[in-house]
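For reference, the structure discussed in these notes is given below.
The values are calculated or read from the model by the stated rules, or taken from the named source; none is laboratory data. The shown structure was predicted, so the numbers you read here are calculated from the model rather than taken from an experiment. Glycine gets a Cβ as well: all are built from the backbone with ideal geometry, and neighbour counts include every protein chain shown. Remember, those area values only see protein heavy atoms, side chains included, never the ligands or the DNA or RNA. Shrake-Rupley method; radii C 1.70, N 1.55, O 1.52, S 1.80 Å.
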Amino acid sequence: MALALGYFLTFTGKSAGARAASSSGMGASASAGHLRLRPLITSLLFMSAGLACFLTNQTIFLRLYAVVVCLMMLITFASTLFFPPNIIYRFACLADRTIPGSLIQYRVERYCRKVCIIWCAFFIINGGISVYTAFFASEEVWAVYNGGISYVLMGLLFAIEYIIRIGVNKKMPKVNPITKFTAASFPDDHIISYEGKWSDKKYKTWKDFLTESAKMRNYILKNPAEKWILHCEDYWLFTIAFISLLQCKKEILLTQNITEGFLKEIHTQGIMFLTDQKVADGEDIQVILYSQPQPSEEEIRNTPAIDSDSTKIIMFTSGSTGKPKGVPQRMTEFELDNAFIISKWGEEFLSRKLVATVSQHHIYGFLFTVSLPFALGVPVRRKRIEFPEEFETLDDDKYMIITTPAFLKRTVEIEGKLPLNDSFIFTSGGLLTYEVAERTNKTFGFWPVEVYGSTETSGIAWRKSCDGQEWTPFDNAKIWLGDDGCLRIISPYIKNPEGFATADLAQMLPDGRFLLKGRSDSIVKIEEKRISMTEVENRLLDSGLVANVKVIAMEDRRQYLAAALEFNSKGKEKFEGAKKLEINKFFHDYLMQYFENVVIPKKWRFLEKLPTDVQGKIHKEEIKALFTNTDI
């Protein structure tokens, strides 16, 4: 047992010392040095006991060495229960350095804590027996127990825990990213997708995925095209086509806009087009899957390797101009993004079924409805939720909801308390006001988690506005302000080692969090006066009468602001039957409290709904079109 004590204390001293040294300078070094002294202190205790036996001719001091060992072991193990991480978890992390920050981190830590408590109980019981044999038993009994039986019991406990650990490891959830999965990643009957609500039992399984992706690969390989446009509203069919294209080493173009004019602008000549929509020149994915012959079992079980660094994905975004802008992406960065979300909220995903209101052709929708749930094996509803009333049917299970601020706003305006059970909500793609977040909590029973990011940066920060308006950067993102007051970002998701310069104005806080203050491109100069269009929008929202608003800069003979807005229920009630000139004057006088007359919007449009895309974003060009032909 003395040997075991020396091993444990030395190993623990190194582990704890390394942790301490990584935390802070001289104090950490002192802490590490203190831990390394533990084996020396123990040796000195044994030497003192031996010297006491020699001087007093009493063997009781020698007999008590086993008690001292148990006491030292108990102190070492028990202290880490109160000052975590516990010692067993430290051993586990030394053996497998991928545990910290992984999906299973908290499960491993909980299991290791239980093991640590069991060892503490063992040392208490074993120490008690050692005390008894030291004072009340013969030397022979003392020697047999402390020199033999106690070691057998320790070994037996090691063996039992090892057997249990094998079983626990088998039950630990595994992450199987798109670029790493195999045919054996999930059982054949594991449910990947479903229609309607979960209890309708219209499921697609892992075997279905393997079979249909084999069919899709066979079709793709017959075509020499290297570039493929993929637009598919069905999440299940999208996933099959997307992964099959990667397996066939094709370049994938993702675009939400599939109008004829938009497609011409991205030069689609010679490019194959896979879709589930009725579009000219588009190959119907559903027809392809039904028309292909049944693949062999060998083809079904074949999962061609995907090199994440070599994947070519172009995501087209219209940006603020309405013109197509292709942003090159790789699965490398996508899966790094997923890894952080999984490490923080993976357990929330695993305990729910996933529904979404967003398009998978944008980065937020792709990451949260395709890439991430595939890696975890979380079932995804095939069709996007298009109407808030659909939430009323989701009363049969727990759901993870991936949505946008615009959709949440629509929902809370028409829904009371929804019959959802323990839902969890992620939102991104626009500003979620505190008012809408608060009403979301009342309607869904959950305050939404907001994710901040863009197509160029992916996700970089998050917040729950009930805890404050500050954004918390992802653990692996470095964020600072540039000279222009805009955020600069370096993260594993950004391929440029110098990082990415955003157009988002921000205020950095001492603890590393930040507050967003609008976009730099929202700053315009009206008759030599600088004004933030975002500030004007926020003032209109603060009136308590406006549900949504977009302010843009217009120019003919001079530059001026124009505002398009939609009323909330209070605004509709206040202005019911009012003439437009009266409404114009009300908001003019209201804004005069904050701005000079020259910068107050000169044109107004009052709409039932502002035009938004499927992500809930309002595009400047569409708002400008509202004012182009009509002099308001």
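How big is the Kirkwood radius of segment 347-492, worked out from every pair of different alpha carbons and given in Å to one decimal?
Details: mean 1/r = 0.0626 Å⁻¹.
Roughly 16.0 Å, rounded to one decimal.
Please give the contour-minus-distance gain from residue 199 to residue 138: 0.36 nm per residue of separation, less the Cα-Cα distance, rounded to one decimal in nm. Numbers along the way, then the final one.
Details: separation 61, 0.36 × 61 = 21.96 nm, distance 6.89 nm.
Going from the current span to full extension adds 15.1 nm.
Each residue, residue 586 and residue 307, gets one label point 7 Å from its Cα in the Cβ direction; the gap between the two is 6.4 nm. Segment 492-581 has equivalent-ellipsoid semi-axes of 33, 20, 12 Å, by the square roots of 5 times the alpha carbon gyration tensor eigenvalues, sorted largest first.
Out of these labelled values of mean projected area of the Cα convex hull in nm², (1) 27.7; (2) 29.2; (3) 37.8, which was calculated from the coordinates shown here? Checking each listed value against the structure points to (3). Highest mean first, the peptides 403-416, 178-191, 584-597 sorted by other C-beta atoms within 10 Å per residue fall in the order 403-416, 178-191, 584-597.
So how do 513-519, 235-241 stack up, highest first, on mean other-Cβ count within 10 Å?
Values: 513-519: 17.4, 235-241: 26.0.
Peptide ranking by packing, descending: 235-241, 513-519.
Between the helical axis of 65-82 and the longest alpha-carbon principal axis of the chain there is an angle of about 10 degrees. This model, with +1 at the C-beta of Lys and Arg and -1 at the C-beta of Asp and Glu, gives the chain a dipole about its Cα centre of some 980 debye. Once the Cα-Cα distance is subtracted from the 0.36 nm per residue extended length, the residue 81 to residue 151 segment shows a gain of 22.8 nm. Pairs exceeding 26 Å between alpha-carbon atoms, taken from 312/344; 383/570; 197/249; 398/478; 180/250; 442/570: 312/344; 383/570; 197/249; 398/478.
Secondary structure note: in the chain, about 55% of the DSSP beta bridges are antiparallel. Modelled this way, with points 7 Å down the Cα-to-C-beta line, the labels at residue 279 and residue 555 are 3.4 nm from one another.
The spacing between segment 324-341 and segment 389-448, judged by their C-alpha centroids, is 26 Å. The magnitude of the dipole of segment 470-560, with charges of +1 and -1 set on the Cβ of Lys/Arg and Asp/Glu and taken from the Cα centre, is near 120 debye.
Cα gyration tensor of segment 261-361, axes a ≥ b ≥ c as square roots of the eigenvalues: rounded (a/c below 1.5), prolate (a/b > b/c) or oblate? Because a/c hits 1.5 or more and a/b fails to exceed b/c, segment 261-361 counts as oblate. Take 486-493, 308-315 and order them by the average number of nearby Cβ atoms within 10 Å per residue, most first; the result is 486-493, 308-315. Within the full protein context, the accessible area of residue 142 is estimated at about 40 Å² for a probe radius of 1.4 Å. The residue among 355, 158, 173 whose Cα reaches farthest toward the positive pole of the charge dipole of the chain, with charges on the beta-carbon of Lys, Arg, Asp and Glu, is 158.
Pairs of Cα atoms in segment 538-632 fall into 10 Å distance bins, from 0 up to the last occupied one, in shares of 14, 50, 32, 3 percent. Students often get this wrong: which residues of segment 74-110 have the backbone nitrogen under 15 Å from the point 7 angstrom along Cα-to-C-beta of residue 124? Counting only backbone N, you get 74-82. Put a plus charge on the Cβ of each Lys and Arg, a minus charge on the Cβ of each Asp and Glu, and nothing anywhere else: the dipole of segment 438-513 about its Cα centre is then about 280 debye. Projected label points at residue 117 and residue 501, each 7 Å from Cα along the beta carbon direction, are separated by 5.5 nanometres.
Tell me what the chain gives for mean residue ellipticity at 222 nm when only DSSP H runs of n ≥ 4 count, each as -39,500 (n - 2.57), the sum divided by the residue total, rounded to 500 deg cm²/dmol. It would help to have the intermediate numbers written out before the result.
Values: 23 runs with 276 residues, N = 632.
When only DSSP H runs of four or more count, the value is -13500 deg cm²/dmol.
The slack in the chain from residue 290 to residue 188, taken as 0.36 nm per residue of separation less the alpha-carbon distance, amounts to 34.7 nm.
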